[in-house]
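Novice: Sharing a structure with you now.
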Amino acid sequence: MVEESSVTHAAGPVGGDSSHPWGTLASGFEQARAREDSLDRLVEWPAQRALLGDVTGLAILDAGCGNGAKIAQLANDGASASVGVDISGNFITPPPGVELIEGDLSDLAVVPGLAGRRFDRILFLQSFGYAANGVRALQTAREMLTEDGFILLTRTQPIRYAIERAEENGTSLGEEYFATEPFAYRHQSWNDHVTLTKRPYTMSDLLNTFSAAGLWIEAALEPQMPPEAAERYPHKQAVMDKYLGILMFRLRPLPGR
Ligand SMILES: C[S@@+](CC[C@H](N)C(=O)[O-])C[C@H]1O[C@@H](n2cnc3c(N)ncnc32)[C@H](O)[C@@H]1O
């Protein structure tokens, strides 16, 4: 087990066209995530943690790790190597055994300190959409997996963005769901002065990306609010009822690829 902690800042290439604003967005995102009624706390992290299962003795890489709090939690839960990579470089002070590296998840193999390393779990938690090329990012991650390793990838339901844009533009759900032009997006509870550029995607796009990267879906999940949380935070249940939440996938390498 690595007992030393470290933070590495490096000027790397910027990933997809929506990565750049994260230098400014990072603190707003973390503040929103830390709220006791955040969907990350109520729905996403508990479901992500359950899909990971027992992490004792495992080497884990969190690609697009935010401030590093989740990978630090996994180190605390017994992971033997815990590495987080994020382009924002806005990290907590890493606890012993945790390495936090400023870098681009688009090509994990060239992130400083990762060349030649292997991981039992590679996480893309709400970060995969920022890869410059999704298929290439997943192919690289697949090659960094140990023999029994898997990728845990979560992504917002594409229907959510289609609903929002249909309301904004006075169009229909189908028109927006199947639109192909990038669109400007502001997240009101993160920082409504920062505009992200998002590329639309459909379910087929997502599933075809996994296949093209040589991965198969071992498990998929659309986590919902536990009943007691729904009762306590009805405004968040209303968000889930309207926008559905996020998709989660456990992905394993296709044999022979
Ligand atoms: C929505 S947040 C998710 C953070 C964290 N994974 C979580 O589940 O709480 C997206 C994260 O991706 C990071 N990010 C965006 N583009 C990136 C890139 N090209 N390479 C690495 N990280 C990136 C952002 O800085 C941000 O921390």
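Quick note: the coordinates plus some simple rules give every number you see, no bench work behind them. As the structure is a prediction and not an experimental result, all values here were calculated from the model. FYI the Cβ positions are ideal-geometry reconstructions off the backbone, even for glycines, and counts take in every protein chain you see.
Novice: With the contact rule set at Cα under 8 Å and sequence spacing of 6 or more, what percent relative contact order holds for the range 108-177?
Specialist: This gives 32 percent for the range 108-177.
Novice: Here's something else I'd like to know. With the contact rule set at Cα under 8 Å and sequence spacing of 6 or more, what percent relative contact order holds for the chain?
Specialist: Dividing the mean separation by the residue count of the chain yields 21 percent.
Novice: Quick one: in the chain, what % of C-alpha pairs are over 33 Å apart?
Specialist: Counting pairs separated by more than 33 Å, the tail of P(r) holds 15 percent.
Novice: Per residue of the chain, what 222 nm ellipticity follows from adding -39500 (n - 2.57) for every DSSP H run with n ≥ 4, rounded to the nearest 500?
Specialist: My calculation for the chain gives -9000 deg cm²/dmol from helical runs alone.
Novice: By how many nm would the segment from Thr146 to Thr202 grow when fully extended, if each residue of separation counts as 0.36 nm and the alpha-carbon distance is taken off?
Specialist: So the chain would gain 17.2 nm between Thr146 and Thr202.
Novice: In what sequence do Arg160, Arg165, Arg35 fall when counting other Cβ within 10 Å, fewest first?
Specialist: Least to most surrounded, the residues fall as Arg35, Arg160, Arg165.
Novice: How far apart, in nanometres, would the label points at Glu175 and Arg41 be if each is projected 7 angstrom from Cα along the Cα-to-Cβ direction?
Specialist: Computed distance between label sites Glu175 and Arg41 equals 3.9 nm.
Novice: If you bin the C-alpha pair distances of the range 49-174 every 5 Å from 0, what whole percents do you get?
Specialist: P(r) for the range 49-174, in whole percents per bin: 2, 11, 20, 21, 18, 10, 6, 5, 4, 2, 0.
Novice: Between Gly170, Gly57, Gly113, where does the largest GNM mean-square fluctuation fall for the chain, given springs only between Cα atoms within less than 10 Å?
Specialist: Taking springs between Cα atoms under 10 Å, the residue moving most is Gly170.
Novice: Let me ask you something else. How many angstrom lie between the Cα centre of the range 19-47 and the Cα centre of the range 140-170?
Specialist: 16
Novice: With +1 on each Lys and Arg Cβ and -1 on each Asp and Glu Cβ, and nothing else charged, work out how big the dipole of the range 42-118 is about its Cα centre, in Debye to the nearest 20.
Specialist: Roughly 180 debye, rounded to the nearest 20.
Novice: Using Cβ contacts closer than 10 Å as the measure, can you line up Ile71, Ile101, Ile163, Ile217 from fewest to most?
Specialist: Result, fewest neighbours first: Ile217, Ile163, Ile101, Ile71.
Novice: Based on alpha-carbon positions alone, could you give the equivalent ellipsoid semi-axes of the range 50-103 from the gyration tensor, as √(5λ), descending, whole Å?
Specialist: For the range 50-103, the ellipsoid semi-axes come out as 18, 11, 9 Å.
Novice: Follow-up question, since we're still on this one. Please tell me the relative contact order of the range 83-146 in percent, rounded to the nearest whole number, where contacts are Cα pairs under 8 Å and at least six residues apart.
Specialist: After rounding, I find 31 percent.
Novice: What is the order of His235, His193, fewest Cβ neighbours within 10 Å to most?
Specialist: His235, His193
Novice: Please report the spacing between the Cα centers of the range 205-243 and the range 72-127 in Å, no decimals.
Specialist: Rounded to whole Å, the Cα centres lie 24 Å apart.
Novice: Let me ask you something else. Under a no-solvent Debye model with one identical scatterer per Cα of the range 77-131, what's log10 I(q)/I(0) at q = 0.15 Å⁻¹?
Specialist: -0.44
Novice: Among rounded, prolate and oblate, which fits the range 166-257 when a ≥ b ≥ c are the square roots of the eigenvalues of its C-alpha gyration tensor, a/c under 1.5 means rounded, and a/b larger than b/c means prolate?
Specialist: oblate
Novice: Which residues' amide hydrogens lie under 5 Å from the amide hydrogen of Gly149, considering only partners 5 or more residues apart or on another chain, with H built in the peptide plane?
Specialist: So Gly149 has HN proximity to no qualifying residue.
Novice: Moving to a separate point now. List the residues, sorted by chain then number, that are 5 or more residues from Ile246 or on another chain and whose placed amide H is less than 5 Å from its amide H.
Specialist: Correct list: Gln157.
Novice: Amide H to amide H under 5 Å from Val7: which residues, 5+ apart in sequence or cross-chain, H placed 1.01 Å off N in plane?
Specialist: Sorted by chain and number, the residues that satisfy this are Leu100.
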